[in-house]
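Working notes, beginning with the structure itself.
The values are calculated or read from the model by the stated rules, or taken from the named source; none is laboratory data. Quantities reported herein were computed from a predicted structural model and do not represent experimental measurements. We place every Cβ from the backbone using ideal geometry, glycine too, and count neighbours over all the protein chains shown.
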Amino acid sequence: MSAQADFIPLQICILTVSDTRTLAEDASGEYLATALQAEGHQLHERTLLPDDRYAMRAIVSKWIAAPAVDGILVTGGTGFTGRDSTPEALLPLLDKQMPGFGELFRTVSFDEIGTSSLQSRAFAGLANGTFLFALPGSTSACRTAWEKIVRAQLDARTKPCNLATLRPRLKEPS
């Protein structure tokens with residue numbers, strides 16, 4: 001078996017963005033933490049913040065700067081209400097956007113929730129060699145994203161290619 005076919009455990013952080021939940025009531029963050037650990041990844045850190053773009057930028061910037069952190073999953077704040085500001089807060093931190101993630105997430109979600117999928121501003125990208133996925137706040141949306149997209153892309157065994165095996169090359173000079 002080649003080294004590329006081996007599982008590579010990643011260090012993942014989870015941020016829940018919510019003005020109404022506490023960490024104890026955070027079913028979406030709990031689902032993601034349980035799911036990533038069940039796959040063999042490590043939960044590096046988990047926190048919950050209100051929908052405040054500067055607080056979000058501060059914690060995510062800290063994680064992006066940490067060499068040990070491979071990825072960040074953010075849940076919440078991707079809708080259209082006045083307080084939903086995850087894209088506005090975090091898109092400026094990205095070195096490269098991953099438009100295919102948001103497009104694929106909305107396509108997969110369409111099968112589950114129909115045209116309501118257009119209300120999601122889910123996105124993903126890369127910052128300082130760290131993957132960032134911003135998901136809606138609902139547990140079912142987090143489950144859809146994890147089970148149908150993110151899990152496979154963070155698994156080095158996924159063929160023909162995956163994000164996990166790109167990690168050593170992500171900070172190459174352009």
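Structural remarks
- Going through (1) surrounded by fewer than 13 Cβ atoms within 10 Å (Cβ to Cβ); (2) aliphatic (A, V, I, L, M); (3) at pLDDT below 95 one by one, Ala68 falls short only on (3).
- Index of the failed condition, Trp146 passing every other in (1) surrounded by fewer than 17 Cβ atoms within 10 Å (Cβ to Cβ); (2) modelled with pLDDT of 95 or more; (3) out of contact with any Gly (no Cβ under 8 Å at 6 or more places or on another chain); (4) not β-branched (Val, Ile, Thr): (1)
- Test: residue in region 99-113 that is of a type in the set (Gly, Ala, Ser), under 17 Å from Leu36 (Cβ atoms) and modelled with pLDDT of 95 or more: no
- Enumerated helices (runs of 4 or more DSSP H) restricted to region 1-110, each holding at least 3 residues that are closer than 21 Å to Ala152 by Cα and not aliphatic (A, V, I, L, M): 27-38
- Out of Thr20, Thr86, Thr47, sole residue that is without any contact (Cβ under 8 Å) to a residue 12 or more places away in the chain and either in contact with a Cys (Cβ under 9 Å, 6 or more places away or on another chain) or closer than 17 Å to Ala141 by Cβ (or both): Thr20
Yes/no per residue for (1) exposed (fewer than 14 other Cβ atoms within 10 Å of the Cβ); (2) closer than 15 Å to Leu135 by Cα; (3) acidic (Asp, Glu):
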residue: Phe7; (1), (2), (3): yes, no, no
residue: Leu23; (1), (2), (3): yes, no, no
residue: Ser28; (1), (2), (3): no, yes, no
residue: Asp52; (1), (2), (3): no, no, yes
residue: Leu73; (1), (2), (3): no, yes, no
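- Test: residue in region 122-140 that is part of a helix (DSSP H, G or I), surrounded by 17 or more Cβ atoms within 10 Å (Cβ to Cβ) and on the phi < 0 side of the Ramachandran plot: no
- Here Leu43 does not fit the description of being hydrophobic (A, V, I, L, M, F, W, C), farther than 23 Å from Arg21 by Cα and surrounded by fewer than 17 Cβ atoms within 10 Å (Cβ to Cβ).
- Residue among Leu154, Leu170, Leu132, Leu163 that alone is touching a residue at least 12 places away in the same chain (Cβ under 8 Å) and more than 14 Å from the chain's Cα centre (by Cα): Leu170
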